[in-house]
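Worksheet: the structure to be examined is printed underneath.
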């Protein structure tokens, strides 16, 4: 009986000792393998791979993937390396592989070009950064830096040769993990460009520019002397001389199209308030809209001057063209000096412009009544 009591007491003590230990185990999380890992340094540590790694967290186990890339490890490979580092008892669940990604800061080629152009902006005779085209000596698609390089690209040394367009620029980037900034250096060529309309085909002087004849391109500013032509202002215009495909256009290379061409049959329009007459004519010279040109009235054989107002159309307004001079005998007037002259007959004036000149017989016939009237007054 005594022996039984002793055994029970021993069991009670063991049970009492075991219960706290079991309760403590309930609060200690088991080390667990992660399925996906991101790192910022060049080394993968135990704490990166395992959750609740404890004191083993800082032990390095792998070299990190390249900047901005992801590597894959099988669970067997990971456990084998962990056992070699005396890390055991890791919970893997149903994982079969672990992905490790190294974070990075990526500087695209466009970002680097912008940084160089900004460093050269309004310096060394160059203009705005948006108009500076940059070409690096070595093709730079993009550049990847450690993620700790979070600062902006700051130029610290800039050299540029305006004659050759060569640049040599050093930059610094603030580093979060180090007081020493990261240094970068780029060399290449930079040239100021302008956006200009460029011909897509050979164009003759008399051709009118169409939308399909022009494309916008950026060309070195030195190639375009004077004001570059825009696409919108070029459409519908005419060239001053024939030009070949690929030629950049300047505003001075274009003129408004000739609506009237020399020796072309044209319509002459006579306009005065209340009257509108037309006649056939022939252009003596070419002209664009608004130009003043000379035309021949084919009916009266008179040379007139008018304004080009449309295709094949010349307008003469008001009494700008004087009527044929009256014969000398018509200068004798029976009116007294203090009497006002008769009002001008506008219709007759226009008819004199349109109709052919009178024959000598008609002129003589018109002179006789006036001469008789003068003789009657003399008596």
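Taken together, the values in this text are just the output of simple stated rules run on the coordinates, not laboratory data. Remember, it's a predicted structure, so these values are computed and weren't measured experimentally. Positions of Cβ are generated from backbone atoms using ideal geometry, with glycine treated the same way; all protein chains shown enter the neighbour counts.
Each Cα pair under 8 Å and six or more residues apart adds its separation to the average, and for segment 144-263 the resulting relative contact order is 20 percent.
What is segment 194-255's relative contact order, in percent, from Cα pairs under 8 angstrom and six or more apart in sequence? Numbers along the way, then the final one.
Values: 131 pairs, mean separation 29.2, N = 62.
The normalised contact order for segment 194-255 reaches 47 percent.
If packing is taken as the average number of other Cβ atoms within 10 Å across a peptide's residues, how do 147-153, 70-76 rank, most packed first?
Details: 147-153: 16.1, 70-76: 13.7.
Taking the mean over residues of other Cβ atoms within 10 Å, the ranking is 147-153, 70-76.
Convex hull volume of the Cα atoms of segment 26-106, normalised per residue: 91 Å³. Entry note: segment 194-255 has Rg to Rh equal to 0.91, where both radii use alpha-carbon atoms and Rh is the Kirkwood radius. Radius of gyration over Kirkwood radius for segment 64-166, both on Cα atoms: the Rg/Rh ratio is 1.28. Computed from label points 7 Å out along Cα-Cβ, the spacing between residue 231 and residue 305 is 4.3 nm.
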